[in-house]
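Structure record follows, encoded as structure tokens.
The values are calculated or read from the model by the stated rules, or taken from the named source; none is laboratory data. What you are looking at is a predicted structure, and each value in this text was computed from that prediction instead of being measured. Quick reminder, even Gly has a Cβ in these numbers, built from the backbone with ideal geometry, and neighbours come from all protein chains shown. For the accessible areas, the whole protein counts, side chains as well, though only heavy atoms, and no ligand, DNA or RNA atoms are used. Shrake-Rupley method; radii C 1.70, N 1.55, O 1.52, S 1.80 Å.
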Amino acid sequence: MVILGQKKIKSESDRIFYREFKSIFGFYPKNLRLYKSAFTHKSASTQLPSGQLVNNERLEYLGDAIIDAIVADFLFVKYPDQRECFLTKMRAKIVSRAHLNRLSVQIGLQRLVVSQTNSSAQRHIFGDALEALIGAIYLDRLRWKQPTPTVL
């Protein structure tokens with residue numbers, strides 16, 4: 001067993017993930033399973049004894065909404081004299097799938113994504129993982145004091 005950050009990490013695969021995560025993002029995850037879920041594409045889903053599939057789809061949903069809200073807030077403040085139509089078009093450009101895909105590769109997310117599909121044919125996988133990462137960060141670090149879902 002190795003201690004990284006403040007966590008006792010038992011498996012070698014978890015240690016590798018933990019170190020790689022820290023090297024990309026500059027912080028250690030508090031809830032390792034949450035972040036591992038964020039990088040698990042539905043093609044590589046695992047099934048819990050309850051029958052629930054573990055993958056990044058739900059975190060992707062949450063992250064997408066958070067990104068939209070943050071970008072909307074940024075544009076609202078940056079362009080106080082612009083109308084709603086302009087703000088909506090700008091937000092759509094910023095949060096476009098192509099832009100999120102490029103950004104995710106630029107920051108190195110592809111090194112953590114687990115998938116059973118040909119990622120070159122499914123380029124959106126990395127943008128989806130970025131959205132899921134934002135959802136995981138929100139739950140792990142930013143969410144007000146409510147219990148974090150344990151079945152992730």
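Compared with the dominant principal axis of the Cα atoms in the chain, helix 12-25 is inclined by about 30°. Take region 5-60 with all the other protein chains still there, run a 1.4 Å probe, and you get 59 Å² of accessible area per residue. Normalising by residue count, region 65-107 has a Cα convex hull of 71 Å³ per residue. Here region 1-109 exposes an accessible surface that is 56 percent carbon and sulfur, computed with a 1.4 Å probe and the other protein chains kept in place. Between the helical axis of 57-78 and the longest alpha-carbon principal axis of the chain there is an angle of about 40 degrees.
Which Cα, out of Leu103, Leu59, Pro29, lies furthest along the positive dipole direction of region 1-118 (beta carbon charges, K/R +1, D/E -1)? The listed residue farthest towards the positive side: Pro29.
Principal-axis analysis of the Cα atoms of the chain puts helix 97-107 at an angle of about 50° to the longest axis. Starting from a Cα-only point model with no solvent, please compute log10 I(q)/I(0) by Debye for the chain at q = 0.14, 0.16, 0.19 1/Å. Treating every Cα as an identical point scatterer, log10 I(q)/I(0) equals -0.74, -0.93, -1.22. The length gained by stretching the chain between Arg33 and Cys85 to full extension, at 0.36 nm per residue less their Cα-Cα distance, is 14.7 nm. Rounded to the nearest 20, the size of the Cβ-charge dipole of the chain about its Cα centre is 400 debye, with Lys and Arg at +1 and Asp and Glu at -1.
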